[in-house]
Every structure is written in structure tokens, then in C-alpha cells.
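Have a look at the structure below, then the notes.
The values are calculated or read from the model by the stated rules, or taken from the named source; none is laboratory data. In this text the structure is predicted, and so the values were computed from the model without any measurement. Here the Cβ positions follow ideal geometry from the backbone for every residue, glycine too, while neighbour counts run over all protein chains shown. Side chains included, ligands, DNA and RNA excluded: accessible areas come from the protein's heavy atoms. Shrake-Rupley method; radii C 1.70, N 1.55, O 1.52, S 1.80 Å.
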Amino acid sequence: MRPPSLPRRDLLVLAVLGLASLAVPFVASEFLMSLALSCLMYAALSSSWALFCGSTRYLSLATSAFFGLGAYASALVLGQLPWLVAIGLGALLAAAVAAVMGAAVLHLRGTYFAVLTFGMTELIHHAVTYFEKQVTGTVGRVLTTVPEPNTVYFTMLGLAVAAVAVSIAVRRSRFGLALAGIGADEQRAQTLGVNTRRVKIVGFTLTAAFAGAVGAAMAVRWTYIDPVTVFNPFIGFQTVLIALIGGAATLWGPLIAAVVFSLLAETLRLQLPQIYMMTLGVLLILCVLYLPGGLASLRWGMWKRRVPAPGEEGGHG
């Protein structure tokens, strides 16, 4: 049993973290700014992924597809449209594709759903590659109109805060209860009057919109993008691993894990990439075997041991 959610406390914590993060561009070096961007990117991706997948227990491997679609949407229109409009277009394109994809595959679950979402990600990747080669005659895009680094940082901060805030709101809503009901027992949720198909498509689309917006914002970080870069499966896999290791069913687990693994990635990935991937794999195995609720379940387990059950006055057995 999970502790009762405290949305006011969660919103207060989120506000404090968000306000503190506003100071980073003014005090951090270029390296620390890059590290902070990675933290915010995976915080937004893993929190929004957990919003749907953590509640419904549907394992989506399509994050990199939505991220790449958002990045390409931004690259195509950034010279003609304002920055925030480009971000919105990336979110809209990813959401539209997710609605179609969800309608096609959300009747499946388990291994079948995971494999199909990964297969559709590869299909989108190769479709974009084919379009670039056959129609535009190129395999990449040079981004000549790039906003200031602080603009990109504040945009990513806004997306990360929005992802957590939406998660807080959804968890306290009827829609969130419907998602949790699907994860607990989908057939029972149907008998209780939940339109499970519609709820799943909306949740899947919401997750994709955040991934598309993040991709649109992060595209300018590279200044040159191609399908291999923005549709990189590693982005999707790391998002899933961060959410699962942190605790996909929790609010703060994915965010905390995103910060930890972004720091770990910068420490190990460039110099010892194999050690980094081995560390991810070992942590995932340990969590699956001993902490199925993720690292966040450690805190909840200690909370249960400290707080007596209702009706108990003391520690007498």
C-alpha cells in the first residue's frame, strides 16, 4: 500500500526545485550547463513516460520515435517560426503519431506491445531516412537559427517542471484513477465503466507530446541532426531504465534517477562507456529482483517501519 499523496507538498517541493534551478545559467560553467540540460531532458522524458507506463504497466519503447519527430519538426520550421511555436509543433506532431500508433497497438500488452512499439520506432526512423534521401536529397539538417543557450535551458526547465506538475495533477484526477485501474486489472476497470481504449490512447498521446517537445528543444543542442542521432534507440532505452530503476509507479523516483544517471553518464560514458552500460544493467537486474518498486520504494519501506498503523498508540505488540 502506498502512502496518501500530498499534492500541496509535492507542488511546493516542485516549486522550490524549479526556482532553485533558475539560477543555474548564471552561476554554472558551460560544462555544468550541458550536464544540467541532460538532467532536465531525462527528468522530463522519464517522468512523462512513467505517467502512462508506470500506471498502466504498458512497456512502451517508442520514446525515441517521438523525440526524433519533435526534433525534426523543430529543425524544419525553426527558421520561419518562433521558438515556442516550434516546440509546440514538435509536441503536436508526436502526439498525432502517438494517437495513430496507440489506436493500432494498445489492444496488446506485455511483450507484444513492447516489441511493436520498438518496431514502429524503427519504421518511423527508416521512413524519415528514406524521405530525406529520396525527396530532399540529404540525410541531415544543419540548424542555422539557434536560440541562446539560456533560452534552451529555461525551455527544458519549463518542460521538466510541466511533466512533473502534470503527473501530480493526473494522479489526483479521475483520469489518473482510470490509468491505475488499467494497470491493476484492465478487465475489471472495463466492467466498472472505464473506457479503457480511450484512456490508454489519451495517456499514450500525452506521454508522446512531452517527448516530442523535449526533442524539439534539444535538437538545437547538436546544431546538426540526422535520423541516426535523434532516433537513437539509446534515448528511449535509457528513459525506460531511469524510470524503472527510480520507480515508475512513483512521482519523484524517475526525476531523482534522471539526475543520478545523468551525473553517472557524464562521469563514465565518455571514458568508460562499457562500465556505464554494465552499471545500468546491474542496477536494473537488482531492482527487478529485490526492488520491483524501484529505488523510491526504499524510502516508502522505511516510512512504513517508522509510522505506526492507525489505531496503534506505541510500539507495543
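Restricted to Cα positions, what overall size does the chain have along the principal axes? Three whole-Å values, descending.
75, 50, 37
List the DSSP H helices in the chain whose Cα atoms stretch 15 Å or more along the helix axis and whose mean Kyte-Doolittle hydropathy is at least -0.5.
Span-like helices here: 7-21, 30-49, 63-77, 83-105, 111-131, 149-171, 174-191, 196-222, 233-246, 253-268, 273-290.
Can you give the accessible area of residue 224 in Å² (nearest 10), computed on protein heavy atoms with a 1.4 Å probe?
My reading of the accessible area for residue 224 is about 100 Å².
Of 216, 152, 18, whose Cα points farthest to the positive end of the dipole of the chain (charges on the beta-carbon: +1 Lys, Arg; -1 Asp, Glu; origin at the Cα centre)?
Ranked along the dipole, the leading option is 18.
Given +1 on the Cβ of Lys and Arg, -1 on the Cβ of Asp and Glu, and no further charges, what dipole in debye does the chain carry about its Cα centre, rounded to the nearest 20?
The calculation lands at about 840 debye.
Per the 1.4 Å probe, what fraction of the accessible area of the chain, in percent, lies on carbon and sulfur atoms?
That fraction is 68 percent.
Please give the solvent-accessible surface of residue 120 in Å², to the nearest 10, using a probe radius of 1.4 Å with every protein chain present.
Counting only protein heavy atoms, the figure is 50 Å².
Using a Gaussian network model of the chain whose springs link C-alpha atoms within less than 10 Å, name the residue from 155, 229, 145 with the highest mean-square fluctuation.
Maximum among the listed residues: 145.
Using helices alone, what [θ] at 222 nm do you get for the chain, with -39,500 (n - 2.57) per DSSP H run of 4 or more residues, divided over all residues and rounded to the nearest 500?
So the calculated ellipticity at 222 nm is -24000 deg cm²/dmol.
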